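What follows draws every value from the coordinates through simple rules; no lab data is involved. What you see is a predicted model; the values in this text were computed from it and never measured. All Cβ positions, glycine included, derive from the backbone under ideal geometry; neighbour counts span all protein chains shown.
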Amino acid sequence: MQQSQRDKYVCMNIYPVPFRFIATALLSGILLLVGIMNLRDRALWTEPADGVFWTEDHGRLTAEEIKPDSPAGRANILPGDQLQSINNGSRSITLQLEAKGVLTPSDGFRTVLAFLHLSIGLFVLFKAGRSALSYHFYFICLAAFVLYLYSYTTRLNALDLWVYSFSVLAVLLLPALLVHFCLRFPSESPVKIHPLPIYIPALFLITLQVLWLTGHLASIGLPRT
């Protein structure tokens, strides 16, 4: 009976699944899900638009460019008009904002690039037998996937907060991941290099970002903007 149980245990562990593979798959699934939800959210979300490109001039907003077929164009707003004041005078204008889609043609190109990076990372990961370097390269591609795909909307809901947080992490960690990979490639160096100094700048900037988001920078003389 004991021999039978031992044989059964051996058979069940012929193909053990490494923990890092499970963790990587879980992280990839979360980032992919958030990315798809963010893409859908941006496709459905519209923003109010007046058709004016405003610039700040001496504490006032000045109309610099006016789209002809827009609420501002139809209301006869002209370049140089200032919000609330025009040449020391004022006038009242009825302006009805229109809905403007968030997604642009460039977003389509960025989406293709994002999934291209993800596909390349997956190909290398499985082609190289899931070695340490292939995992490292995959994380670079995963960061690039987030960098190209993610973009928060002006709704600023819980999903946008996650999208913003993952985007910041990708921007700050990608250079460190790339430098670390270059030091390890093409093969593991016989001289072990501790990776912590490489990631210290990114960790420092991430800490500053967290302090800024939580408003703690104001207590040390760096107010939020």
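Length available on full extension from Leu161 to Thr104: 0.36 nm per residue minus the Cα-Cα distance, which gives 18.4 nm.
Compared with the alpha-carbon gap, the fully stretched path from Ala43 to Leu61 is longer by 3.5 nm at 0.36 nm per residue. When each of the peptides 156-165, 123-132 is scored by how many other beta carbons lie within 10 Å of its residues on average, the order from highest to lowest is 156-165, 123-132.
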